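Below: the structure, in structure tokens.
No value in this document is a laboratory result; all are computed from the given coordinates. Just so it is clear, the model here is predicted, and its values are computed rather than measured. Don't worry about glycine lacking a Cβ; one is built from the backbone with ideal geometry, like all the others, and counts go over all protein chains shown.
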Amino acid sequence: HNQASPAHEAAQRHGLRLIAPNRAGVGHSSPNETRTIIDRMDDVRQLVDDLDIAEFNVMGVSGGAPYALATAHDLRERVKSVTIVSGMGTVADRELLNRMESTRRRMLQLAQCPLLADMVLAYRMREYKTDPRAFLRKLVKTWPEADQKLFEDPSLQGMFLRDLENVLAIGSGTKGLSKELKRYFRWGFDPSTISQKVHFWHGTEDTVVPPVTSEYMAERLPDTEVSLLSGGHSVIVEIVDDVIEKMQASLKDTNS
């Protein structure tokens, strides 16, 4: 019952299996002191080997986008296509970073000053531990109006609270978050070398990761499609059936 739950239900409706592993250091997943995102791919390869999965599609939502693209790059012989929803781009490119909303940009730039990042995140951790629900309410108020309306749904609130618990309480907490911010600037591979079809979906009202990010990334990859739709950063909740249906069709196309 994490953020992958809506996609899991949609996948079941379309006869697909969804596998959504935690990142290293989230929940009960062991920490992995890697410097770059591509360094995490040994874990992904071991997972699909253990599950005996020969070919698959990969999806990345928000900060999961670099990991999805890294999977396509590193397991290119097995990944058939890539789906990115509200996805983080190559923020090490100053041109893209400067297009982000100032508050989000400053938060990412904290990664360049570890001491300051640790202080800010430690303050956020104290807020969370004092009252997780109040912390979530305050967080939601910083999101686009479309997302605020979505999160009036108690089930979505509960899902996100469980995710916050896995990251901040059970997992490696602010220390892990600080390192994750650094990795967003250290992909360790060139996404322009990805040969698979990459489908970008993005909400036009997204201010957390602006839709220009998907357009920017699409211009730099060889085979892409971009779908801009009405919605905020959590647009996946509203379009999940369309996204899964598109993924199913791409699997059929590559297997025909």
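Observations
- Here the Karplus relation 6.51 cos²θ - 1.76 cosθ + 1.60, evaluated at θ = phi - 60°, turns the backbone of segment 134-142 into coupling constants of 5, 4, 5, 4, 5, 5, 4, 5, 8 Hz, with x for every Gly and Pro.
- Among PRO144, PRO210, PRO154, residue whose mean-square fluctuation peaks in a GNM of the chain (springs only between Cα atoms under 10 Å): PRO154
- Candidates ILE244, ILE37, ILE19: whichever shows maximal mean-square fluctuation once the chain is modelled as a Gaussian network with Cα springs under 10 Å: ILE19
- Solvent-free Debye scattering, log10 I(q)/I(0), computed from the Cα coordinates of segment 135-205 at q = 0.18, 0.20, 0.21, 0.25 Å⁻¹: -1.00, -1.05, -1.06, -1.08
- Here's the picture: a label point sits 7 Å out from the Cα of VAL120 along the beta-carbon direction, and within segment 140-162 the residues with their amide nitrogen under 17 Å of it are 140, 142-143.
- Between amide H atoms placed 1.01 Å from N, distances below 5 Å from LYS197 occur with VAL82, all of them 5 or more places distant or on a separate chain.
- Our coupling estimate for segment 56-65, obtained by passing each phi through the Karplus curve with A = 6.51, B = -1.76, C = 1.60 and θ = phi - 60°, is 7, 9, 10, 10, x, 10, 6, x, x, 4 Hz, Gly and Pro reported as x.
- ³J(HN,Hα) computed for each position of segment 209-220 - Karplus, 6.51 cos²θ - 1.76 cosθ + 1.60, integer Hz, glycine/proline x: 10, x, x, 4, 4, 5, 5, 4, 5, 4, 5, 10
- When all alpha carbon pairs of segment 1-70 are counted in 10 Å bins from zero, the resulting P(r) reads 16, 51, 30, 3 %.
- Built amide H within the under 5 Å cut-off of VAL61, gap 5+: VAL85
- Histogram of C-alpha separations across segment 25-154, 5 Å bin width, %: 2, 8, 12, 17, 20, 17, 13, 9, 3, 0
- Extension gain (nm, one decimal) between ARG17 and ALA54, 0.36 nm per residue minus Cα-Cα: 12.0 nm
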